Each structure stands twice: as structure tokens, then as C-alpha cells.
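Undergrad: I'd like to ask some things about the structure below.
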Amino acid sequence: MLNDTIVAISTALGEAAISVVRVSGPQALQIAPQVFKLPAKLLPRQAHLVSVVDEDGGVLDHGLLLHFKGPASYTGEDVVEFHGHGGVLVTQRVLDRWLACGARAAEPGEFTQRAFLNGKMDLTQAEAVMDLIHAQSTLALRAANEQLGGAIGREATAMQQEIIPVLAHIEAYIDFPEEDISPETGAALLLRIDAVLARAQKLIATSEQGRILRHGARTVISGAPNVGKSSLLNVLLGFERAIVSPTAGTTRDTIEEIIQVHGIPLRLVDTAGLREAGDDIERVGIHRTERELERADLVIEVVDASLPAASVRRLVLPEVSANRRILILNKADLGIHPDWIGECNAVPVSCVTGEGVELLRDAIRDVIATAGPLATDHPIAINARHKAAFERSAEHLLAARAALESNVAPEFIALEIRDALQALGDVIGQVDVERILDVIFSTFCIGK
């Protein structure tokens with residue numbers, strides 16, 4: 001796969017000031033003279049003004065050409081980039097010219113995949129490239145940059161380095177079966193295993209944070225009809241996304257938008273008001289509301305706080321969900337009825353005057369933080385693949401620990417430790433890489 005030369009448009013499709021066509025592979029610099037009118041001397045890492053020409057020598061575009069000599073490039077191979085005018089047709093013509101001259105159209109994520117295979121980054125850093133592109137909040141961006149800088153890979157490598165001496169000691173006892181593992185040596189090995197287990201558990205605990213940072217906390221705005229749910233959605237978004245009407249039952253379907261609050265991405269979902277359905281369409285909308293409540297990371301329950309509490313229909317939530325609920329005492333500009341004073345997790349809000357909106361943002365941050373500490377300095381947030389690998393490693397280490405304490409034959413202890421090392425290797429892509437590469441890089445965009 002690495003013997004051919006690949007090409008792709010690296011910028012988004014559509015009209016723009018410039019577009020970038022990226023090429024990587026052993027023939028990149030050999031094909032370039034067929035595509036461009038080049039200067040007499042082409043210097044690496046310097047921009048050159050060139051013309052793109054067709055097979056008859058006609059000019060297709062003018063722009064800047066840069067080339068990076070491997071291995072000092074993103075992919076570790078010879079790389080050529082053309083920065084031309086950002087029209088859809090002209091960019092496609094430049095791409096077609098490279099293809100006609102012998103390059104192959106790149107698969108999604110193939111440039112980054114080559115960077116990984118050529119040792120320019122580990123697997124966690126390769127995944128971080130897409131996290132960086134998809135980041136929707138300040139914290140997600142910071143976490144992606146930490147991962148791209150190798151934070152998770154360094155943790156996995158450090159854990160391996162802690163375990164390898166344990167395996168070496170166990171292997172030594174296999175080679176010299178007449179020797180038993182002394183209590184002092186066993187205690188020292190257990191301490192090393194415990195230290196690695198603690199690091200693994202600390203990383204596993206960030207998986208929920210990672211999910212929220214990557215996909216957003218699913219935040220459902222719910223309540224009875226005509227209490228101001230859609231108005232609250234519009235206030236949080238800063239623009240009118242949902243139709244607001246004094247007529248109850250205006251919202252029939254869920255409306256979803258993404259915002260960030262204190263750096264935390266929220267996937268806001270406005271829902272149909274909960275009541276006895278008046279028709280089949282409203283019944284479907286209420287069913288969707290109930291389904292969204294089951295999936296929610298955070299429920300924002302909105303009530304008309306100008307009314308007595310006894311006259312307001314309240315949400316009945318499971319115990320777990322109740323810990324992820326914020327009660328909005330809406331219509332505070334009309335006055336809060338005394339029944340609502342002392343309600344837990346309650347925030348008085350007026351969607352008309354904006355009163356209480358900042359307090360609501362603070363409350364959202366505090367409730368989401370209960371899913372795990374959302375670090376703001378150097379966040380590390382593992383994804384589902386990392387979590388599974390760290391969990392496998394921890395399981396094998398726990399089995400090795402139990403076997404060591406029970407004086408089980410060292411061969412069995414060594415087997416568990418090797419499996420733990422392999423699981424950590426899966427995190428950074430050291431072992432059994434082929435089975436996971438296609439899954440990871442297929443999520444990338446073409447040209448990356």
C-alpha cells in the first residue's frame with residue numbers, strides 16, 4: 001500500500017479563497033513536473049509560484065507549490081501540496097491532472113494512516129487528528145491537542161515500562177524452577193502491579209468525560225406544554241431556532257442544536273410538552289420526548305413558576321436521572337409562587353428579561369461535572385477503544401495479582417502479564433494493528 005503515490009483535495013468542497021491538493025508517496029516529486037511548470041530549482045519547505053498545466057500544456061490554474069522531503073513530512077514520505085484558487089471546478093481539474101499522471105485517489109484517512117505506519121505518530125495521536133477537526137468546544141479542543149501531543153500514548157507506554165520488569169522477574173523464576181518467589185520479591189511485584197492498576201483506573205474514569213467532550217452532553221429540555229421550553233432553547237442558543245407560541249402543543253417533534261457552556265459541549269434537545277395527546281401527531285411527539293428523557297445526560301425541567309406547584313405537572317424520573325436534573329422556575333418576571341421556594345436544584349429564570357440565564361449556565365457546568373472531573377488545565381479523555389484496552393489490561397493485571405498472591409505457577413502469572421502488555425500495546429498500536437486500522441481511519445475525511 002505504501003509503494004504507490006496518493007492524492008486528494010484536503011480542503012472542504014465548495015467555493016473558497018484557496019484550495020489545497022495534497023500528494024504523498026515515493027513518486028510525488030517525479031510526477032510533479034508533469035502536472036506543473038516548475039522553477040529550475042525546487043527547494044523543500046519553500047513556496048514556489050507555479051502553473052498547473054494539462055496534457056497539451058494549457059494552463060489550468062496558478063498557485064503556490066510546497067514540497068516536504070520524507071521522512072521530514074506529515075506522512076514520513078515525500079509530500080507535495082498545491083495551494084490554488086478555491087473553485088470547485090478548477091480544484092477538481094487539478095486533482096484529475098494528478099490522477100492522469102499516475103497518482104491514486106487517497107482513501108479516507110490514508111495520509112494520517114501512512115503517518116502512523118511510518119512511525120510519525122502513535123495510534124492515539126492519529127485518532128486525535130479527527131478529534132481536533134470535530135472539536136465543538138474549548139475543552140474538547142484542548143483534550144484533542146493533549147492527545148495529539150501524545151499524552152495518552154505516554155501514559156500507556158509508562159504503564160508498559162512499569163509492567164515489563166514484573167514480567168522479567170516472573171520469567172526468571174520460570175527459567176529457574178527450583179527457586180520460589182520470595183515474599184519480599186512478591187510484595188515488590190504486587191506494588192508495581194498496584195501502581196499500574198491505579199493508573200489504568202484513573203484513565204478509565206475519564207471515558208465518560210471523553211464521550212461528553214467528543215459528542216456533547218445530551219441535554220433534554222422538557223416539561224408541560226406552554227411553560228417556555230422553546231423560549232429557553234432560543235435564549236441559550238442566542239437566536240430563534242424554535243417557534244414560540246402561546247398555543248399549547250406548538251412543538252410536535254424534537255429540535256436539536258449544539259452549543260457550549262463553560263467550554264462543555266451540549267447537545268440541546270427541545271421536546272414536545274408532556275400531557276395527554278390531542279391527536280396522533282402529538283402522541284408521536286410525546287413518545288419521542290419520553291425516549292429522549294431515557295437517553296439524557298442532563299434533564300432541564302421547565303415549569304411555570306408563577307403558578308402554584310400543585311397545578312403543575314412534574315416529570316417523574318428514575319433515581320439516577322434525578323441526579324442529573326435542573327429545575328427551571330421559568331417566568332420569574334411574573335413572580336415566583338411561594339410553593340417553589342426551597343426546591344432542590346432550582347434556578348429562577350425569565351426568558352423575557354434574561355434573568356437567571358448565567359446562573360443556569362453555572363448549574364449546567366456543575367451537574368455535568370458529576371459525570372467525572374472535567375479538567376481545564378491538561379485534560380486527558382480516552383475514547384471507547386482506549387477504555388476497552390485499558391479495561392482488558394486491568395483485568396489481566398488483577399488476575400496476575402491474584403495468582404501471585406496464591407503462589408500459582410509462574411507460567412500462568414506470566415501469561416496474564418503478557419496479555420496485559422498486549423492490551424496496552426493495542427492503545428498505541430504496537431501489536432495486532434491490522435484488525436483496528438481500517439475501523440479507525442475509515443472515519444477520517446478524504447485528504448487527511
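The values are calculated or read from the model by the stated rules, or taken from the named source; none is laboratory data. A quick note: this is a predicted structure, and the numbers were derived from the prediction, not measured. Note: ideal-geometry Cβ built from the backbone for every residue, glycine included; neighbour counts use all protein chains shown.
Undergrad: Just name the residue that is modelled with the highest pLDDT out of those in segment 113-141 that are small (Gly, Ala, Ser) and under 18 Å from ILE258 (Cα atoms).
TA: Taking the candidates together, the pick is ALA135.
Undergrad: Ok, one more. Which one of THR157, THR91, THR124 is more than 30 Å from ASP4 (Cβ to Cβ), hydroxyl-bearing (Ser, Thr, Tyr) and assigned to a helix (DSSP H, G or I)?
TA: Exactly one residue qualifies, and that residue is THR157.
Undergrad: Within segment 284-372, considering only strands (runs of 3 or more DSSP E) that don't extend past its boundaries, which have at least 1 residues that are under 30 Å from the mean Cα position of the chain (by Cα) and at pLDDT 85 or above?
TA: Passing ranges, in order: 298-304, 325-330.
Undergrad: Out of segment 380-417, which residues are closer than 15 Å to HIS169 by Cα, free of Cβ contacts under 8 Å to residues at least 12 places away in the same chain and either outside the structural domain of MET159 (by TED's automatic domain parsing) or of a type outside the set (Val, Ile, Thr) (or both)?
TA: The answer is ALA409, PHE412, LEU415.
Undergrad: Of the conditions (1) under 20 Å from ALA200 (Cβ atoms); (2) free of Cβ contacts under 8 Å to residues at least 24 places away in the same chain; (3) acidic (Asp, Glu), ASP175 fails just one. Which one is it?
TA: (1)
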